[in-house]
Amino acid sequence: MIKFNNEFLQRLKDTLYITDVIQSYGVDIKKKGSKYWACCPFHNERTPSFSISLEEGFYYCFGCHVSGDMITFVEKMESMSFTDAVEKLANMAHMEIPEESYSEEEKKEAAFKEQLYEVAQLAGEYFHNCLLKTQMGKAGLAYFTKRHLSRETIDKFKLGFAPPEWDRLYRDFIERKHVRPDVLIQSGLVGVKNNKHYDVFRNRCMFPIMDLRGKVVAFGGRVLNSQDSLAKYLNSPETPIFNKRRLLFPIYQALPEIRKKRQAIMVEGYMDAISLHTHGIQNAVASLGTAFTIEQARLLKRYADEVVFSYDMDSAGQNATKRALEIAGSVGLKLRVALIGEGKDPDEFVNLHGGEAFLEVVKQAEPALDYLFHSLCKQYDGTTLDGQQHILTEMFSSLAAQENTYVFNAFIRKMSKKLHMDEGLIRSEAIRYTKENHSKVYISPRTNSDEIGALSKDVSQKQCKMECEILRYCLIHRMFPEELALLDNYQFTLPFYDRLYKILKSMKGQEISVEKVEMQLERDETQELAKLMLQENNREIILKEYIRLLRKIYLQNEYKYHTKRASELMITNPEEAKKEQMICIELSNEIRLL
């Protein structure tokens, strides 16, 4: 893999204007004040909310909240990798990629990958031609026709057919296309047994799997007769150019609509996805024979805010949804579940009722946490202690994975009403669960109204806003004020803010610049920096007042912690309890002084 040092990346950004890069994609930019504005290219809007800072080299959309620098912009617009985006920008800037970026080993690896891409592309064309232009492909064509697929759809997805002979592809590629056997083996198209080469895919309908750039990287093959003893579906093994955990089918064809709607529809099989596309639902994707993975969630998060699951909702489907909910929550994706009913999968449903009917089902999809809770209430008897315990334990697992204190506490109230259980008892169980599982979620004491929960959320948002403005103050004024030392032990609401504070503190006494800070950040943190720098702020902040308020929040949290400790130790260790009480007195005095 090519590595770019920070100096090269900074020279690249200094050479190009971010406005020129964005305009090169047909985005109409207008200057207002010190910033430039445009209608966001990543979601539909009529009023410009896409803000660009020429000086800092960042963009931020106040509508869909995408953010980043010129490299991130090209990555998103072209569905490119970071490396490809940098190389494209280097070409625009007429800059040479530094030779030291490539080691000899990396050059060999890149050359071999290129061979694998070429072979995969050749195989895609080979299978497609076998389907449409040969006698042996008629069986595959009959299967696709039976599944309601038109010639247009077959061409769009480059569907194909693998010959039934033992080694037909191997012989054709060796003799006619002069591909080396080792490349065919590494590509996953050919295997070896008893020193004889054989085609991995034989007598199967073929589904090419493409990456974000539309390059064929692997295949899925379906047997014609599901009664055969062979596996119904066979997927390519993982190779240097294919990792099934990182891709979805057919992500290349679905990406424009996913980006436009900020939503993806997740189904189980190749045919489910293709049938939905055929009926106009072009933001549908399917996992590649795996459960929904964290890598797939991160991929979708770049282009969507929400994923709607449309799985077969048997027990396996419910478990898959539960795992998906935990994964989606960890990356900030909203998750809903579309229930088709009638025991049908999306392919069968859409062919019977049409695309509009399926979209209505998607519109009615319920939040995944609600779906999971309702499913558990059907699975277990919520009127018995044993049933209640099962429901609560499974819900706690999914709620804790969301790492969202507000959602967890709000759902406790919902479960209390549905199960006719005392809310305080559920909270006690939740506190015990989070402690045992080392969860960071805070379960609040029982409240008398929903308004208190909403107020807590509002306070947290104000706290986060103050942190943001203090950090921006340091970056804009290029300094780390002495007074900020009061926040050394303070826990910022966002991990990124905490890390940025430590970076800024390490520059104390120096002139701070965005460029110096960016060099110490991870690549994926650049977007967060861009978002922070481009937040609207129409007034000069009162720095000391903000520091005082955040310091007070820190001390109040410390006071709560040590009060609780003193209470716990009163019986088991009175001496330690007294020490905790003294700490509480000192904290109380400091809070009063503030």
query = If you check Lys435 against the conditions, is it under 30 Å from Gly387 (Cα atoms), exposed (fewer than 12 other Cβ atoms within 10 Å of the Cβ) and modelled with pLDDT of 80 or more?
reply = yes
Test for Leu385: is it of a type in the set (A, V, I, L, M, F, W, C) and either in contact with a helix residue (DSSP H, G or I) (Cβ under 7 Å, 6 or more places away or on another chain) or crowded, with 20+ Cβ neighbours inside 10 Å (or both) = no
message = I'm told Arg259 meets every condition in (1) farther than 25 Å from Val119 by Cβ; (2) surrounded by 23 or more Cβ atoms within 10 Å (Cβ to Cβ) except one. Can you identify the failing condition by its number?
response = (2)
query = From the residues in the range 215-225 that are over 22 Å from Lys88 (Cα atoms), of a type in the set (A, V, I, L, M) and part of a strand (DSSP E or B), which one is modelled with the highest pLDDT?
reply = Ala218
Residue tally, condition part of a helix (DSSP H, G or I), at pLDDT 75 or above and farther than 15 Å from Asp370 by Cβ, over the range 320-336 = 5
ask   = Does Lys3 qualify as being of a type in the set (Lys, Arg) and either modelled with pLDDT of 85 or more or within 20 Å of Gln263 (Cα to Cα) (or both)?
value = no
Single residue of the range 337-350 satisfying the filter (at pLDDT below 75 and of a type outside the set (D, E, K, R)) that is farthest from the chain's Cα centre (by Cα) = Gly343
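If we keep just the residues of the range 438-474 that are small (Gly, Ala, Ser) and modelled with pLDDT under 75, which is nearest to Lys505 (Cα to Cα)?
Ser460
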key: Residues satisfying the stated conditions in the range 145-171, i.e. of a type in the set (Gly, Ala, Ser) and touching a strand residue (DSSP E or B) at 6+ places or on another chain (Cβ under 7 Å)   = Gly160, Ala162
note = The residue from Ser416, Ser397 that alone is part of a helix (DSSP H, G or I), among the hydroxyl-bearing types (Ser, Thr, Tyr) and without any contact (Cβ under 8 Å) to a residue 24 or more places away in the chain is Ser416
request  = Note down all Cβ pairs under 9 Å where the first residue falls in the range 93-112 and is modelled with pLDDT of 75 or more, the second is aromatic (Phe, Trp, Tyr), and they're at least six residues apart or on different chains.
outcome  = Met95/Phe8; Ile97/Phe4; Ile97/Phe8; Pro98/Phe4; Pro98/Phe8; Ala110/Tyr102
request  = Could you check, for the range 352-372, whether at least one of its residues is closer than 18 Å to Ile443 by Cβ and part of a helix (DSSP H, G or I)?
outcome  = yes
ask   = Name the residues in the range 24-53 that are surrounded by fewer than 18 Cβ atoms within 10 Å (Cβ to Cβ) and in contact (Cβ under 8 Å) with a residue 60 or more places away in the chain, would you?
value = Ser24, Lys35, Asn44
task = Pull up the range 203-218, narrow it to residues that are under 20 Å from Leu288 (Cβ atoms) and more than 24 Å from the chain's Cα centre (by Cα), then point me to the one that is surrounded by the fewest Cβ atoms within 10 Å (Cβ to Cβ).
result = Met206
ask   = Out of the residues in the range 377-427 that are within 24 Å of the chain's Cα centre (by Cα) and charged (D, E, K, R), which is modelled with the highest pLDDT?
value = Glu394
request  = Test Phe127 against the stated conditions and say whether it is at pLDDT 85 or above and under 25 Å from Glu518 (Cα atoms).
outcome  = no
request  = Kindly indicate which of Leu230, Leu212 is out of contact with any Phe, Trp or Tyr (no Cβ under 8 Å at 6 or more places or on another chain) and at pLDDT below 90.
outcome  = Leu230
query = Just to be sure, is Leu288 farther than 30 Å from Pro495 by Cα, among the aliphatic types (A, V, I, L, M) and crowded, with 17+ Cβ neighbours inside 10 Å?
reply = yes
remark   = Restricting attention to the range 26-40, the residues that are farther than 20 Å from Gln535 by Cα, within 28 Å of the chain's Cα centre (by Cα) and at pLDDT 85 or above number exactly 1
ask   = What are the residue pairs meeting all of these: first residue in the range 284-304, first residue farther than 24 Å from Met77 by Cα and in contact (Cβ under 8 Å) with a residue 24 or more places away in the chain, second residue basic (Lys, Arg) and surrounded by fewer than 24 Cβ atoms within 10 Å (Cβ to Cβ), Cβ atoms under 8 Å, and 6 or more apart or on different chains?
value = Leu288/Lys244; Gly289/Lys244; Thr290/Lys244; Thr290/Arg245; Ala291/Arg323; Phe292/Arg323
message = Kindly evaluate Ala291 against the criterion of being touching a Lys or Arg at 6+ places or on another chain (Cβ under 8 Å) and of a type in the set (Gly, Ala, Ser).
response = yes
Any chance Pro256 is over 22 Å from Arg298 (Cβ atoms) and in contact (Cβ under 8 Å) with a residue 24 or more places away in the chain = no
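The values are calculated or read from the model by the stated rules, or taken from the named source; none is laboratory data. Keep in mind that this is a model prediction, so the values were computed, not measured. All Cβ positions, even for glycine, are placed from backbone atoms using ideal geometry, and neighbour counts span all protein chains on display.
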